[in-house]
């Protein structure tokens with residue numbers, strides 16, 4: 001009887017240890033680089049507007065800006081005032097060129113290039129583990145393409161994300177998007 005009780009105790013202890021190991025592996029802390037890393041996920045059209053979804057990771061969780069982050073590097077007019085950039089491209093004469101805001105529709109090279117900027121809110125998690133992984137949806141409106149361009153039938157975007165430490169992510173591209 002003593003042997004059976006010892007055996008049960010050992011089996012119980014082994015079972016509990018195995019469950020503890022299993023549980024701790026489920027709670028494994030993910031680690032990512034401190035610089036944001038992004039990947040393209042999807043492009044959805046809603047009449048004239050569109051939403052681009054990107055997946056991201058950030059090891060120290062410093063994605064987004066607070067409403068008070070408007071001084072120094074984050075001052076209005078500074079490159080870092082916005083933290084997500086979507087650069088617009090059109091397929092013209094066999095090559096991808098930056099789309100421009102040329103009202104004549106010829107994508108004239110000296111016109112301003114079209115860049116959608118976003119100022120994402122601060123999403124830093126509370127707690128010790130600051131690592132972030134998730135999706136960001138970026139809205140392009142009022143138009144997701146230049147309706148005045150003669151070359152707007154095939155477009156794409158190049159996208160970057162910037163964290164509060166001013167780390168710039170890798171650059172990603174959407175697939176080729178055909179417009180109506």
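The values are calculated or read from the model by the stated rules, or taken from the named source; none is laboratory data. What you see is a predicted model, and the numbers here were worked out from it, not measured in a lab. Please note: Cβ atoms are built from the backbone with ideal geometry, for glycine as well, and neighbour counts cover all protein chains shown.
Total residues in region 28-55 satisfying the condition of being part of a strand (DSSP E or B) and in contact (Cβ under 8 Å) with a residue 24 or more places away in the chain: the figure is 14. Considering region 71-83, the residues that are assigned to a loop (DSSP other than H, G, I, E, B) and touching a strand residue (DSSP E or B) at 6+ places or on another chain (Cβ under 8 Å) include one that is surrounded by the most Cβ atoms within 10 Å (Cβ to Cβ), namely 83.
Scanning region 150-174 for residues that are at pLDDT 95 or above and either more than 20 Å from the chain's Cα centre (by Cα) or not assigned by TED's automatic domain parsing to the domain that holds residue 50 (or both) turns up just one, 154.
Every residue, every condition in (1) closer than 18 Å to residue 125 by Cα; (2) part of a loop (DSSP other than H, G, I, E, B); (3) in contact with a helix residue (DSSP H, G or I) (Cβ under 6 Å, 6 or more places away or on another chain), yes or no:
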position	(1), (2), (3)
57	yes, no, no
62	yes, yes, no
69	yes, yes, no
85	no, no, no
97	no, no, no
